Amino acid sequence: MLAQLPPMGWNSWNTFGDKINEEVVCAAADKIVELGLDKVGYKYVVIDDCWSLRERDPETGKIVADPAKFPHGMKYVADYIHSKGLLFGMYSCDGVRTCANFPASFDHEFLDARTFAEFGIDFLKYDNCFKPASAPGELLYRRMGQALRLSGREILFSACNWGAENVWSWIRSTGAHMFRSTGDIFDNFVSFRDIFLSQLDKFNTSAPGCWNDIDMLTVGMFGNGNVGTSGCTKDEYYTQFSLWCMASAPLMLGCDIRKIDPEMLALVKNPELLAIDQDPEGRPPFRVGGPVWTGGDPKNGVTLAKLLSGGDIAIAMYNFGDAPRAVDFFTETMGLPAASGWKLKMKDCVTGEVIGPVSEYVRLEGFAPHSCRVFRATPVRA
Ligand code: GLA
């Protein structure tokens, strides 16, 4: 079964936008292997929008790779990526044009799925621009879902309709393996905080086989590239990455991995955080506390808990505010009141520091603005 766990990989859009070509994609694949990112799960190398010529081939009706960008064609790129032990993803759209105004798959779904299968793809991101108003998104995603299932290749279907048309209520039924639930991410703190918070009450339907995709990561971009805006600090990238892990979100790196900062590389390879993201049960996070004396607005921060397989609990504490704060949580809100006799032994996922056993009410001081701490907590009878 595909997408038993949240898919992981790299996507060209955040950094390269339309400046995508064979050299960049093959170099990204080389680097994924050189940095050992494949060994920890980053397998998909995905080319986003802007890979084709502006019009279909008039004779065959097929979408054609732009020979100036991909001089050896897409099959060559697929073979190269596969030779590295990685998987290859491409992009199309359910409307008549892609978001960047290239040909898209409306009314060509079965031909395009076959073409993609001939290229040798393993993943298709399917966007939602220029969709005729007469066509419901549910029907169009169902159509491409069938076209991929019948294409003769096993292809992960990555739907991207930005949360339109109440996507949560029907997307699993289309065969999609992940679905973008929000508008586009930009490389700044407010963008990723608000994307995450907009889905906090919607992760309950994200589960093995079809995951809520809160967009490609901007970790390590530092304001550079296509969606680079003000950029983020290292603390903010830790916050972003851990939010994605708490959400069991797909982890698609978006930075220029050819030049990734060593601390950011360590962050995206952190085994404790990845274990939270890739926990096989894929249970949703829920609120158990937050920054002290800030009135409870989640925009100021939250403490989240997530039940993990085997009995542990991930606890992530966030200060989203602009001043240093204490952050708290109540074990009662996790279903563990003090009278249960259970306490929590908490291990910091980054520093390894052990706190506790604790129970009832926990308050940790000194969270810098936009920072977090993430723990793996084990219930003990101490
Ligand atoms: C939309 C998607 C982005 C990206 C661009 C490409 O905006 O949401 O993730 O694929 O299109 O044009």
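The values are calculated or read from the model by the stated rules, or taken from the named source; none is laboratory data. All figures in this text were calculated on a predicted structure; none of them were measured in a lab. Using ideal geometry, Cβ is built from the backbone for each residue, glycine included, and neighbour counts are taken over all protein chains shown. Each accessible area value is taken on the protein alone, full model and side chains, heavy atoms only, with ligands, DNA and RNA left out. Shrake-Rupley method; radii C 1.70, N 1.55, O 1.52, S 1.80 Å.
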(message) List pairs: first residue in region 180-192 and of a type in the set (A, V, I, L, M, F, W, C), second residue at pLDDT below 95 and near the ligand (Cβ under 8 Å from one of its atoms) anywhere in the structure, Cβ distance under 7 angstrom, at least six positions apart or on different chains.
(response) none
(request) Identify, by number, the condition in (1) more than 16 Å from the ligand (Cβ to nearest atom); (2) in a helix (DSSP H, G or I) that Glu59 doesn't meet. (result) (2)
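Between Glu118, Glu109, which is acidic (Asp, Glu) and open to solvent by 20 Å² or more (accessible area, probe 1.4 Å)?
Numbers: Glu109 fails: open to solvent by 20 Å² or more (accessible area, probe 1.4 Å).
Only one candidate passes the filter, namely Glu118.
Quick one: which of Val327, Val374 is over 13 Å from Val288 (Cβ atoms) and in a strand (DSSP E or B)? Please lay out each step first, then the result.
Working: Val327 fails: over 13 Å from Val288 (Cβ atoms).
So the residue among Val327, Val374 that is over 13 Å from Val288 (Cβ atoms) and in a strand (DSSP E or B) is Val374.
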(request) Determine whether region 245-263 contains at least one residue that is closer than 24 Å to Ile355 by Cβ, in a loop (DSSP other than H, G, I, E, B), open to solvent by less than 30 Å² (accessible area, probe 1.4 Å) and of a type outside the set (A, V, I, L, M, F, W, C). (result) no
(request) Of all residues in region 187-224, count the ones that are within 14 Å of the ligand (Cβ to nearest atom) and charged (D, E, K, R). (result) 3
(message) Taking the conditions exactly as written (surrounded by fewer than 24 Cβ atoms within 10 Å (Cβ to Cβ), closer than 25 Å to Leu156 by Cα, touching a strand residue (DSSP E or B) at 6+ places or on another chain (Cβ under 7 Å) and of a type outside the set (Phe, Trp, Tyr)), does Arg287 satisfy them or not?
(response) no
(request) Specify the residue that is farthest from Pro132 (Cα to Cα); the eligible residues are those in region 162-193 that are assigned to a helix (DSSP H, G or I) and under 15 Å from the mean Cα position of the chain (by Cα). (result) Arg193
(request) Pull up region 82-126, narrow it to residues that are in contact with a Leu (Cβ under 7 Å, 6 or more places away or on another chain) and in a helix (DSSP H, G or I), then point me to the one that is farthest from the ligand (Cβ to nearest atom). (result) Ala113
(message) If I go through region 88-105 residue by residue, how many of them are open to solvent by 10 Å² or more (accessible area, probe 1.4 Å) and touching a helix residue (DSSP H, G or I) at 6+ places or on another chain (Cβ under 7 Å)?
(response) 0
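Among the candidates Ala68, Ala27, Ala133, which residue alone is modelled with pLDDT under 95, out of contact with any Leu (no Cβ under 8 Å at 6 or more places or on another chain), hydrophobic (A, V, I, L, M, F, W, C) and away from the ligand (no atom under 16 Å from the Cβ)? Please lay out each step first, then the result.
On the way: Ala68 fails: modelled with pLDDT under 95; Ala27 fails: modelled with pLDDT under 95.
Selected residue: Ala133, the only one of Ala68, Ala27, Ala133 that is modelled with pLDDT under 95, out of contact with any Leu (no Cβ under 8 Å at 6 or more places or on another chain), hydrophobic (A, V, I, L, M, F, W, C) and away from the ligand (no atom under 16 Å from the Cβ).
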(request) Quick one: Val268 ticks every box in (1) under 16 Å from the mean Cα position of the chain (by Cα); (2) under 21 Å from Leu344 (Cβ atoms); (3) not basic (Lys, Arg) except a single one, so which number is it? (result) (2)
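Given the structure, is Ala164 within 14 Å of the ligand (Cβ to nearest atom), open to solvent by 30 Å² or more (accessible area, probe 1.4 Å), among the aliphatic types (A, V, I, L, M) and under 30 Å from Arg114 (Cα atoms)?
Values: within 14 Å of the ligand (Cβ to nearest atom): yes; open to solvent by 30 Å² or more (accessible area, probe 1.4 Å): yes; among the aliphatic types (A, V, I, L, M): yes; under 30 Å from Arg114 (Cα atoms): yes.
So Ala164 passes the test.
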(message) Looking only at region 28-45, filter to residues that are in contact (Cβ under 8 Å) with a residue 24 or more places away in the chain and open to solvent by 30 Å² or more (accessible area, probe 1.4 Å); which one of those is farthest from Tyr76 (Cα to Cα)?
(response) Val40
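Can you tell me which residue among Leu308, Leu273 is in contact with a Leu (Cβ under 9 Å, 6 or more places away or on another chain) and of a type outside the set (Lys, Arg)?
Details: Leu308 fails: in contact with a Leu (Cβ under 9 Å, 6 or more places away or on another chain).
Answer to the check: Leu273.
Checking the conditions here, which among Gly341, Gly311, Gly282, Gly335 is of a type outside the set (A, V, I, L, M, F, W, C), at positive phi and open to solvent by less than 20 Å² (accessible area, probe 1.4 Å)? Before the answer, list the steps.
Working: Gly341 fails: open to solvent by less than 20 Å² (accessible area, probe 1.4 Å); Gly311 fails: open to solvent by less than 20 Å² (accessible area, probe 1.4 Å); Gly335 fails: open to solvent by less than 20 Å² (accessible area, probe 1.4 Å).
Answer to the selection: Gly282.
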(request) Answer yes or no as to whether Ala176 is touching a residue at least 24 places away in the same chain (Cβ under 8 Å), crowded, with 20+ Cβ neighbours inside 10 Å, in contact with a helix residue (DSSP H, G or I) (Cβ under 6 Å, 6 or more places away or on another chain) and of a type in the set (Gly, Ala, Ser). (result) no
